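The values are calculated or read from the model by the stated rules, or taken from the named source; none is laboratory data. Computed from a predicted model, the values in this text were never measured in an experiment. Cβ atoms come from the backbone with ideal geometry, glycine included; neighbour counts cover every protein chain shown.
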Amino acid sequence: MTKGLKILIGWVMTLAMLVGGRAVAGPAVAEPGSKKVFILPVREDIMPPLVYVVRRGVKEAMEAKADLLVLDMETNGGRVDVTEEIIGIIAKFPGQTVTFVNKKAFSAGAFIAFGTSKIYMAPQSVIGAAAPVMVAPGGGVQEIGGTMEVKTSSAISALVRANAEKYGHNPEVADAMVKKTKELKLDDKIINEKGQILTLTDQEAARTYGQPAKPLLSAGTVENVDALLKQLNFASATVRRVEPSGVEKLASWVNLVSPVLLIIGIAGIYIEFKTPGFGLPGIIGITAFAIYFFGGYVAGLTGLEWVAVFVVGIALVLLELFFFPGTIVLGLAGFGLVLVSLVMGMVDMYPGMPSLPTLPQLRLPLNDLALAGFGSLVVVFLLSRVMPKTNAYHFMVSQGASGVQTEAALTATQARRLGQVGVALSTLRPGGKAQFGDDVLDVVSAGDLIEKGRPVRIVSNSGHDAVVEAV
């Protein structure tokens, strides 16, 4: 298994280099006392991969203690659940948040804009048209009708109004962007007629109404992001632009199947421990765990520190099994570190917040781990009953590794060793190692504990382990 451990460490180092080289700009180098601005793109459809970009950008901005977070927005909208998650992530940023509508912010884009403290718009840009729609079975979208439309519109409207009230935007404007039944009237002027969905140009959004006069929605029209920073007195600030890495879409699929990856990883490593040499099961198991941590890292959930914890845990388990059998402490500590790393690998933690995760943060990772634990038990049970009887078993087990024999040769060797007397190299509780001539074997006590140094005799075999009794 020493070769297996080397392969495991090699895989983790490869993973670290892969995710460590993701295509994002390096940390901004700021002069002492200068302001810091992070610009976050909100482009294309608002779908799960965008969550990873936003989460990563917000965490980097928090780590850098940035003063301003700008959402550079140009989108047709997207999924409501993804929008809610993005709004929640942005709300964790302690500094000022601003949306710059760069051309358009339709539907979910408008929802997100209401979740920032200020909204600015580019010339000829538009915002609104936020009525909920449903994805049609054959692709595209279609309107929601009847009671479902009323319920959906009401729920979304409440969400947007709540954010509008929190950040000082007009909640009536938010309502009119979602509900067809909403008429918007200010200063005796009808802004939006009943039966229509409100959509505003940059000029319409910046018009003032009421006493004292307040802009309808937009705090102003500016040419570009640079002009926006000048308007907000951040012209001399250190600017950091967060860019998509190109692997967010892949990571969204990885995280979707994370319980399956855990099942494959656990089952693969277990089978590797139960078969001679290092073969395909170990490679599959290590690959599954590597992909699992890769998905969490790209998603902005986990850091490489939890990959290191996982490797240390596996190393302690290997030390328990193959070098210090029967010590128990090493095995339990290693198993505990592996569990902690798998859970924390999917916990969403933010800089400056409590270091211990809350129960809501742990709920999803623990559910995934419990599901994976049950699934791996089922898979291991089925494989242990079926796999040895198939031709595929011989391809799954490496037959070329040092010291590995075919099953037939192994059976013959075990038969010849019956009755041989050797000495226990470790305390057998019941497992450990014993030496018979020049051979050091994995052995299991047939009865009570056998102390280190006691003579032992091979009386039978259990799998690849020799069963011994004290002489």
inquiry  = Considering only region 41-48, I want to know if a residue exists there that is modelled with pLDDT of 50 or more, assigned to a strand (DSSP E or B) and more than 23 Å from the chain's Cα centre (by Cα).
reply    = no
request  = Kindly establish whether G57 is part of a strand (DSSP E or B) and small (G, A, S).
outcome  = no
task = Identify the single condition in (1) in a helix (DSSP H, G or I); (2) closer than 23 Å to Q96 by Cβ that Q203 does not satisfy, given that it satisfies every other one.
result = (2)
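In the list A105, A110, A61, which residue meets the criterion of being modelled with pLDDT of 85 or more, among the aliphatic types (A, V, I, L, M), more than 21 Å from E223 (Cα to Cα) and surrounded by 21 or more Cβ atoms within 10 Å (Cβ to Cβ)? If you could, list the steps in order and put the result at the bottom.
Working: A105 fails: more than 21 Å from E223 (Cα to Cα); A110 fails: more than 21 Å from E223 (Cα to Cα).
Unique residue meeting the criteria: A61.
Can we say L186 is surrounded by 13 or more Cβ atoms within 10 Å (Cβ to Cβ) and more than 21 Å from T116 (Cα to Cα)?
Values: surrounded by 13 or more Cβ atoms within 10 Å (Cβ to Cβ): yes; more than 21 Å from T116 (Cα to Cα): yes.
When the stated conditions are applied, L186 passes them.
Pull up region 113-130, narrow it to residues that are in contact with a Phe, Trp or Tyr (Cβ under 6 Å, 6 or more places away or on another chain) and surrounded by fewer than 24 Cβ atoms within 10 Å (Cβ to Cβ), then point me to the one that is modelled with the highest pLDDT. Even if it seems obvious, please write down each step before you answer.
So the first thing to find is which residues in region 113-130 are in contact with a Phe, Trp or Tyr (Cβ under 6 Å, 6 or more places away or on another chain), and the list is 117, 120, 129.
Still in the running and surrounded by fewer than 24 Cβ atoms within 10 Å (Cβ to Cβ): 117, 129.
Working: S117: 93, A129: 79.
Applying the filter and picking the extreme gives S117.
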request  = Look through region 449-459, keep the residues that are outside any loop (DSSP other than H, G, I, E, B) and out of contact with any Phe, Trp or Tyr (no Cβ under 8 Å at 6 or more places or on another chain), and return whichever of them is nearest to G331 (Cα to Cα).
outcome  = I450
inquiry  = When you scan region 150-168, do you find a residue that is part of a helix (DSSP H, G or I), buried (at least 21 other Cβ atoms within 10 Å of the Cβ) and modelled with pLDDT of 90 or more, even just one?
reply    = no
query = Do we have K185 as more than 22 Å from A162 (Cβ to Cβ) and in a strand (DSSP E or B) here?
reply = yes
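From the residues in region 296-316 that are at pLDDT below 70 and not in a loop (DSSP other than H, G, I, E, B), which one is farthest from S341 (Cα to Cα)?
V298
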